[in-house]
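The values are calculated or read from the model by the stated rules, or taken from the named source; none is laboratory data. The structure displayed is predicted, hence computed values, not measured ones. When we count neighbours, we look across all protein chains shown, and the Cβ atoms used for this are built from the backbone with ideal geometry, even at glycine.
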Amino acid sequence: MKRELGVCYYPEHWPEEIWAEDAARMAETGIAWVRIGEFAWSRMEPEPGAYDFDWLDRVIDTLGAAGLKVVLGTPTATPPRWMLTRHPDMLAVDAQGRARGFGSRRHYDFSHKGYREDCARIVTKLAERYGKTPHVAAWQTDNEYACHDTTLSYSPAALAGFREWLAQKYQSPQALNRAWGNVFWSMDYASFDEVGLPNLTVTEPNPAQVMDFRRFASDEVAAFNRVQTDILRRYTQAPLIHNYMGFETSFDHFAVGADLDVASWDSYPLGFLSARLVADEAHKGHFMRQGDPDLQAFHHDLYRAVGRGRWWVMEQQPGPVNWAPWNPAPLPGMARLWAWEAFAHGAEVVSYFRWRQAPFAQEQMHAGLLRPDSAPAPALAEAAQVAREIAELGEAAGCAPGDAAIVYDYESAWAWETQPQGRDFEYFRLVFAFYRGLRQLGFNIDILPPDAADLSAYKLVLVPGLATLSAPLESALASFKGVALIGPRSNAKTADFTIPVPLPPNLPGLDCTVARVESLPPKAGVPLAGGGSFLHWFEELEGSAEVLVRTDAGHPAVMAAGALRYLAGWPDAAAMLRLLSDAADAAGLAPEPLPEGLRRRDTTGHRVWVNYNLKPVRHDGREVAGCGVLIEPRAGAK
């Protein structure tokens, strides 16, 4: 696969007279792919059953004539207003029992059967018309599943679907009562029809019920997506893609990805830094116009795993966005740096959002490659530079295998959201802290799904916070020849969300038991002998396994036997680097601590350095310009 650039385009927003000019400018810039259609249902079907695809035919022909490849989006993220008249109960309902309204997007409930049927109908019409059109070289299903907190719905459709899902899983209410522990607080059910949704309870709902509801809701996202992929596969051989989001954990992306060919995600480094990343103000201030040095890379590696090796950036931030608390402009060079970092992690395509900034509606303050008056915005020249550099480098898309791996599990995110025990215990943050530590030590990282059955490609594997270890992963850990650093809070729940006996972590060959846990308030910590502390979380360990690290008070902090090491807390930055360095040394890897803001990733033939700092950084005899990229041939690469 070649490395290529793309752009998101909304021809329905612009006069037809400028489509050809836009297409020519895209091609001149070096853009190869154009995504269209994902929000245009009201133009495709203005009235129920009255289709208008003539304009879309002309758009696709115009783009194709300029040598551009089209990603055609199914428009199901934006049902037209007449759809709500047809299905007044299709709206999702929030946890407070309020129906979401019409007037923006994603105003549908994944469980609504009538809406699914209408989605199948419009996707079938598109597939019949364009499934064999040469210019339509890929398809995107829907847009950003879960955006705007839309995975979980507490609607009548969801209630009916949940009851059916429970009946299939448990077969009898008695089995459900046993699994959920409903003897507690007299919560027993005599019929599946008595089961409600886990919202609006007087105090917290049963966590086992919450977890099953989360599983059901995730399954509904996958089933909704599968309606579309099953149709598309009957009409086209082109790859099927979905554009996932950053920080999103409300559904299992691996399950959705199983029905797709390529994973993509929408990368907004400055928006995420401002709106989502938990970090101190000094860190956010230093990287305000560049983005966090590890956040994009984490998602690149995650979605490479979701896509089983094939992934894109479907939307790449080119300038200020409109949706964060504050929306600064990127520093010069960042639109190029973000693209090259994605390519270094194996991206086939980096697609900028969007071609021209809209002068109307909700996203009119969201920058594009062009201004609303069609004059070039700053990122246009950087995109053209990246296109020239891709051609000059001549290397196919692909990254080198990771030195180390991290196991990532969406169900664990639901588990610790359901019962965090400490207000600031968040699975994503925990895993990201370990990922950042490995990146700071200079390692290439792969991310693995929770049912990973073969770890033999790695010398070091990290398993932070995995609520329930799968049978394949337990077996893989038992035979692993490298070093596996597990914990904290791993294997701490059964699949029914109970505390297991034997007590956690219950790992083969490791005589180590979590006797008691505590969550720590902000600024409190458990100091470790030799430097650093545990924050947020600490576990008291018992057993005869070797103690590798102790707290200042003499309690075990890391216990080990053979390949397995169990970690009793959430390390702060200093402790993280020390503990990961120790584990890497034991695994036969050579840590290379990098200066703040400087990161690297190996491709199949090159080493790509990216400098997230405003000023140049020198390291190991090389200098990387501020907000710059340095691409070197990789020693020993074929």
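Points to keep in mind about this one:
- Each residue in the range 91-139 was checked for being surrounded by 14 or more Cβ atoms within 10 Å (Cβ to Cβ) and acidic (D, E), and 3 of them qualify.
- When each of A590, A575, A560, A568 is tested for being out of contact with any Lys or Arg (no Cβ under 8 Å at 6 or more places or on another chain) and surrounded by fewer than 19 Cβ atoms within 10 Å (Cβ to Cβ), the lone residue that passes is A590.
- Being within 25 Å of A587 (Cβ to Cβ), at pLDDT 95 or above and in contact with a helix residue (DSSP H, G or I) (Cβ under 8 Å, 6 or more places away or on another chain) is not true of G509.
- On inspection, Q296 qualifies as in contact with a strand residue (DSSP E or B) (Cβ under 7 Å, 6 or more places away or on another chain), within 22 Å of R601 (Cβ to Cβ) and among the polar types (S, T, N, Q).
- Out of V256, V278, one residue alone is out of contact with any Ser or Thr (no Cβ under 6 Å at 6 or more places or on another chain) and part of a loop (DSSP other than H, G, I, E, B). It is V278.
- Test result for L567, modelled with pLDDT of 95 or more, under 16 Å from D294 (Cβ atoms) and under 26 Å from the mean Cα position of the chain (by Cα): no
- Note on the range 143-176: among residues that are crowded, with 20+ Cβ neighbours inside 10 Å and of a type in the set (S, T, N, Q), the one that is nearest to the chain's Cα centre (by Cα) is N143.
- Pair list, Cβ < 6 Å and 6+ apart or interchain, from the range 49-64 residues that are closer than 11 Å to E16 by Cβ to residues that are assigned to a helix (DSSP H, G or I) and of a type in the set (A, V, I, L, M): T62/A20; T62/A23
- Test: R81 is crowded, with 16+ Cβ neighbours inside 10 Å, basic (K, R) and in the same structural domain as V262 (by TED's automatic domain parsing): no
- Considering the range 46-65, and only residues there that are among the small types (G, A, S) and surrounded by 12 or more Cβ atoms within 10 Å (Cβ to Cβ), the residue that is nearest to V123 (Cα to Cα) turns out to be G64.
- Verdict on A120 being under 26 Å from R215 (Cα atoms), modelled with pLDDT of 95 or more and assigned to a helix (DSSP H, G or I): yes
- Residue among A358, A379 that alone is farther than 20 Å from N243 by Cα, more than 22 Å from the chain's Cα centre (by Cα) and part of a loop (DSSP other than H, G, I, E, B): A358
- Among residues of the range 227-249 that are farther than 14 Å from D261 by Cβ and assigned by TED's automatic domain parsing to the domain that holds L295, those with a Cβ under 6 angstrom from a residue that is in a loop (DSSP other than H, G, I, E, B) and basic (K, R), sequence gap 6+ or separate chain, pair up as F247/R276.
- Criterion applied to G562, G554 was being modelled with pLDDT under 95, in the same structural domain as G482 (by TED's automatic domain parsing) and out of contact with any helix residue (DSSP H, G or I) (no Cβ under 9 Å at 6 or more places or on another chain), and the one residue passing it is G562.
- Lone qualifier among F298, F343 - being in contact with a Cys (Cβ under 9 Å, 6 or more places away or on another chain), within 21 Å of R599 (Cβ to Cβ), of a type in the set (F, W, Y) and touching a residue at least 60 places away in the same chain (Cβ under 8 Å): F343
- Being part of a helix (DSSP H, G or I) and at negative phi holds for only one residue in A590, A635, A583, and it is A583.
- In this structure, A524 does not qualify as under 30 Å from P595 (Cα atoms) and in a strand (DSSP E or B).
- Residue in the range 500-517 that is in the same structural domain as R550 (by TED's automatic domain parsing), more than 25 Å from A453 (Cα to Cα) and exposed (fewer than 14 other Cβ atoms within 10 Å of the Cβ) present: yes
- For the range 376-402, the set of residues classified as touching a Pro at 6+ places or on another chain (Cβ under 8 Å) and among the small types (G, A, S) consists of A377, A379, A383, listed by residue number.
- Failed criterion for A190 (all others in (1) part of a helix (DSSP H, G or I); (2) outside the structural domain of E348 (by TED's automatic domain parsing) hold): (1)
- Exclusive hit being under 29 Å from the mean Cα position of the chain (by Cα), within 16 Å of D212 (Cα to Cα) and part of a loop (DSSP other than H, G, I, E, B), set S104, S111: S111
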